[in-house]
Every structure is written in structure tokens, then in C-alpha cells.
1. Determine if segment 95-111 includes at least one residue that is more than 30 Å from residue 28 (Cβ to Cβ), surrounded by 15 or more Cβ atoms within 10 Å (Cβ to Cβ), at pLDDT 95 or above and in contact with a Ser or Thr (Cβ under 9 Å, 6 or more places away or on another chain).
2. Kindly evaluate residue 7 against the criterion of being assigned to a loop (DSSP other than H, G, I, E, B) and not aliphatic (A, V, I, L, M).
3. Being in contact with a strand residue (DSSP E or B) (Cβ under 8 Å, 6 or more places away or on another chain), hydroxyl-bearing (Ser, Thr, Tyr) and surrounded by 16 or more Cβ atoms within 10 Å (Cβ to Cβ) is the requirement here; does residue 66 meet it?
4. Considering only residues that are in a loop (DSSP other than H, G, I, E, B) and of a type in the set (D, E, K, R), look in segment 14-31 and name the one that is farthest from residue 100 (Cα to Cα).
5. Which helices (runs of 4 or more DSSP H) does segment 32-136 wholly contain that include 2 or more residues that are more than 22 Å from residue 10 (Cα to Cα) and out of contact with any His (no Cβ under 7 Å at 6 or more places or on another chain)?
6. Being touching a residue at least 40 places away in the same chain (Cβ under 8 Å), polar (S, T, N, Q) and surrounded by 21 or more Cβ atoms within 10 Å (Cβ to Cβ) is the requirement here; does residue 88 meet it?
7. Go through (1) in contact with a strand residue (DSSP E or B) (Cβ under 6 Å, 6 or more places away or on another chain); (2) under 20 Å from residue 111 (Cα atoms); (3) exposed (fewer than 14 other Cβ atoms within 10 Å of the Cβ) one by one and return the number of the condition residue 9 breaks.
8. Sort out which residues of segment 80-106 are over 14 Å from residue 121 (Cβ atoms) and touching a Phe, Trp or Tyr at 6+ places or on another chain (Cβ under 9 Å), and write them in order of number.
Amino acid sequence: MNKALTRPQNAIATGPDTWIEHVALAVPYRQAVPIDDLLPDLAAMWAALETHCVAGCCGFDAFDFSADGVGASLSKVNAARTCEALATLRENLLALRANAVSSKRLNMFCDKGEFLALLAHLDSCYRSAIPCGRRR
């Protein structure tokens, strides 16, 4: 994540002044691997974080990926189960040969590494909410 005064266009906001850098893709959309079939176990998380708008309109900008936004979602999701589902999604993404992924649910087309960085950020936020005795 980077920190500066203004977030670059298409960077994924993770806080008021932090973000995940956008990686410009050299492949067309049709070559991206659709990952919607990998997302159902995280449906509650995506819904709880979708607070600024709807993904169909704004893509990642519809979500509040800040630590405060993730904290607010804890009334709707179980942090430990969400971390398990994030780990499974990460494993599935790492197994993909493609460098670009897409999702109709999230209205996104991005570099796999960029999406993995977002998942790592979310995992870190949710893990910080798990009581010490329940962490792996």
C-alpha cells in the first residue's frame, strides 16, 4: 500500500490516504479469467463492505476497504470464517495461470497481483479483529 496526498486514478482505496497501486494490464478483458465462481463464500463480506455505492456502478470504489470499514462490517460477518474464505480464495487465485482476473459481481477487471494485495489487506484487517486465542 502506498501513502501520499492524492490517490492515483484506478488505485484501490484502503483508507483516506492509502491505496493499492493500480497495475495497467497489457491483456484485453476477454483474456481475463472470470472469478465469480470463486467468490460465493465471501458474499456476506462483499455485501457488508459495499457501502459507498453499488459495485455495478462504481466497481471497487463502491466498497469501503478501510480498516474502519472492515471493522464496521464485523456486525455482519464472522472474522475467523472470513479469513478462512480469503485464504481459500487466495489459494485458488494463485493456482490460476492468468495474470488478469475479472468479476461481474465486483465489476472489476484487474491484475491478479493487485487483487491478491487487496485480499491480503482485508485478511490483515479481519485478523486484527479475531481474539488472540482464536488466531491460527
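1. No, there is no match, as no residue in segment 95-111 is more than 30 Å from residue 28 (Cβ to Cβ), surrounded by 15 or more Cβ atoms within 10 Å (Cβ to Cβ), at pLDDT 95 or above and in contact with a Ser or Thr (Cβ under 9 Å, 6 or more places away or on another chain).
2. Yes; evaluated as a whole, the condition is true for this residue.
3. Against the criterion (in contact with a strand residue (DSSP E or B) (Cβ under 8 Å, 6 or more places away or on another chain), hydroxyl-bearing (Ser, Thr, Tyr) and surrounded by 16 or more Cβ atoms within 10 Å (Cβ to Cβ)), residue 66 qualifies.
4. The extreme case among them is 17.
5. 43-49, 67-72, 79-95, 112-127
6. When the stated conditions are applied, residue 88 does not pass them.
7. Answer for residue 9: the failing condition is (1).
8. 80, 93, 100, 101, 102, 103, 105, 106 - these are the residues of segment 80-106 that are over 14 Å from residue 121 (Cβ atoms) and touching a Phe, Trp or Tyr at 6+ places or on another chain (Cβ under 9 Å).
The values are calculated or read from the model by the stated rules, or taken from the named source; none is laboratory data. In this text the structure is predicted, and so the values were computed from the model without any measurement. For neighbour counting, all protein chains shown are included, and Cβ atoms are generated from backbone atoms with ideal geometry for every residue, glycine included.
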